[in-house]
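See below for the structure under consideration.
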Amino acid sequence: MTDEARWWQRTTIYQVYPRSFADSDGDGIGDLRGVIDRLPVLAELGVGTVWLSPFFASPQEDFGYDISDYTAVAPEYGDVETVRELIEVAHGLGLRVVFDLVMNHTSDQHPWFVESASSRDNPKADWYLWHDGRGRPGRDGRTRRPNNWKAPLDLTSAWQWSPVRRQWFLASFLPFQPDLNWRNPEVREAVFGAARQWLGMGVDGFRLDVFGWIMKDEAFRSNPFRPKLGGGDIVRLWRRDFTENTPDNVRLAKDLRAVVDEFAPPERVLIGEVFGSPDEVHEYLGDDDGLSLTFAFDLLEYRYSARYFRDLIARYEANYAAPRLPAYVLENHDRSRTIDRVGGDEGKARLLATMLLTLRGVPTIYQGQEIATSNTYLPLAGALDPMGRTFLPWMPEWVSRRIAERINRDEVRTPMQWDASRNAGFSTAERTWLPVNPEYPRRNVAAQREDPDSTWRLFQTLIGLRRALPELHDGTLRLLDAGRDVVAYERAHVADDGTIARVVVVLNFGAAPLTWAQAGEVLVASGPGVASTATTTTVPASTGVVLRPV
Ligand code: GLC
């Protein structure tokens, strides 16, 4: 394993959702041995870092994002020894490994919460965010909720009643995920202690689940009412001044950084799942003493238009000047697949992949994205995803499909499509935990590895180029003037001896071919028909190209 400083600035991250990646023991559920077996394929794809969604002990009500022991592994996935082996094998292949740290909440079945909820004066009474209600108790003994803080989608309150304590506890996500009280030093030590266990084992860092929500307002002030339409939340009624991205939360990033720095070298990476505009969330990076990276989530909400991406790139460039870098992401286990967002047009998905892997930023790929897997249509009625189960009864299917494609996250979590054999080569079980996407006989890794024009091969080529060229993994980015339907940028790098290396990326979002007034060697084209003459380059519709200008 190489110990080079700042390795994470040059890496490409690959997100594994362990439950759906590879099932080694035939129970229909993916596991860590399955991940170990498939690591060579990821090394062949060329990615540098593998981020694993949570595999810790959990009742799996939110499939691992509800942890009941931060230091143990859920038995269906393996055990601590398997984790050790996974890290070793990955490092042996030159891969880094990042775990998912869910600090905001635990499962309500975590022994900490069980104890905390048992009375008002137990030793862990203050480990979660308990609060008295307002007003006099009603007939059922309940008081009014302490304030107006909401669960996601702003549909329900974040407060849950405990008849035992006759108090409310905060659960910012779903009711079975109570929020920890991070102002309590014992909580900090307990969770930091678990992080240290994995760091000591050699994990290269953490992806930080809903990191922006952890430190809420100490005075529990209600959020200001201000309705807003559009964006990631579709409708938002309240600002989140007192629950999200608070100054105390930004400080927490520094405390966590100090913990991981105890273990450097190699430097460990902290990647924040933080929501907000780039001018807000870049604060988390501090003066190189906070998080290493924050996901650029605007990309999960994109409109497929050149103008949209030009503006977005400009905003991130302005707020993440070097050495800072955004972490760009088009897909994850919570949101729609790219191909479904672009009307099933694989050419457009390939153009977006070309952009993702040539921007100035750390790219993240979600398992299956490299073969352009589509969402698996699943009836909402049988949803396993607790988001689906909690919020779907509120809306008829046609509404939820239209306004909240992400509401049943099962659709983007179906088993990885490895080959054309039974269950897509994911599992030998009779039944897999979620059904396999029926497209798998045509769309799978094995078939695409054999096909030089496949999307898997395009990802492999782009990742390889990104690794090979300093202008791509280390260079500056300059947006170039281009037509309405075009995003174009130059990536440049000055070597120690003063020579400048340049590539130009031209992305034609339009429906007509483009004549780009620059000739060059075509390093990668996302589709057929790209041709360079002595002075121009033809870029067909919905095609991206990486050029070495001449
Ligand atoms: C994050 C995760 C999501 C999870 C939630 C609660 O948004 O990505 O999958 O359900 O946090 O932990």
Taking a crude spin-label model, label points 7 Å out from Cα along the C-beta direction, the residue 500 to residue 226 distance in nm is 4.2 nm
Determine the distance separating the Cα centre of the range 445-489 from the Cα centre of the range 355-390; give it in Å without decimals. 20 Å
Please compute the contact order of the chain in relative form: average sequence separation of alpha-carbon pairs under 8 Å and at least six residues apart, divided by the residue count, as a percent. 13 percent
For the range 107-179, whose charge dipole is built from +1 on Lys and Arg Cβ atoms and -1 on Asp and Glu Cβ atoms, the candidate among 128, 148, 175 with its Cα farthest towards the positive end is 148
May I ask you to derive the relative contact order of the range 107-179, considering only C-alpha pairs under 8 Å and at least 6 residues apart, and to give it as an integer percent? 29 percent
At 222 nm, what helix-only mean residue ellipticity would the chain give, in deg cm²/dmol to the nearest 500, using -39500 (n - 2.57) for each DSSP H run of four or more? -7000 deg cm²/dmol
Residue 10-residue 303 FRET efficiency (beta carbon distance; Förster radius 25 Å; 0.05 resolution): 0.25
If packing is taken as the mean number of other Cβ atoms within 10 Å per residue, what is the order of 83-89, 114-120, highest first? 83-89, 114-120
Only sites in a loop by DSSP and with at most 10 other Cβ atoms within 10 Å count here; which GluC sites (Glu not before Pro) in the range 430-523 make the cut? 430
Ratio of the Cα radius of gyration of the range 476-549 to 2.2 N^0.38 Å, where N counts its residues: 1.10
Order by protection proxy (mean Cβ within 10 Å, highest first), peptides 524-537, 39-52: 39-52, 524-537
Here, the chain modelled as identical Cα point scatterers in vacuum has Debye log10 I(q)/I(0) at q = 0.07, 0.10 Å⁻¹ of -0.40, -0.84
Please label the shape of the range 107-179 as rounded, prolate or oblate, based on the square roots a ≥ b ≥ c of the eigenvalues of the alpha-carbon gyration tensor (a/c under 1.5 means rounded; beyond that, a/b larger than b/c means prolate, else oblate). oblate
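Laboratory data are not the source of any read-out in this text; all were calculated from the coordinates shown. Since the structure is predicted, the reported quantities are computational estimates derived from the model, not experimental observations. Here Cβ is always computed from backbone atoms with ideal geometry, including for glycine, and neighbour counts include all displayed protein chains.
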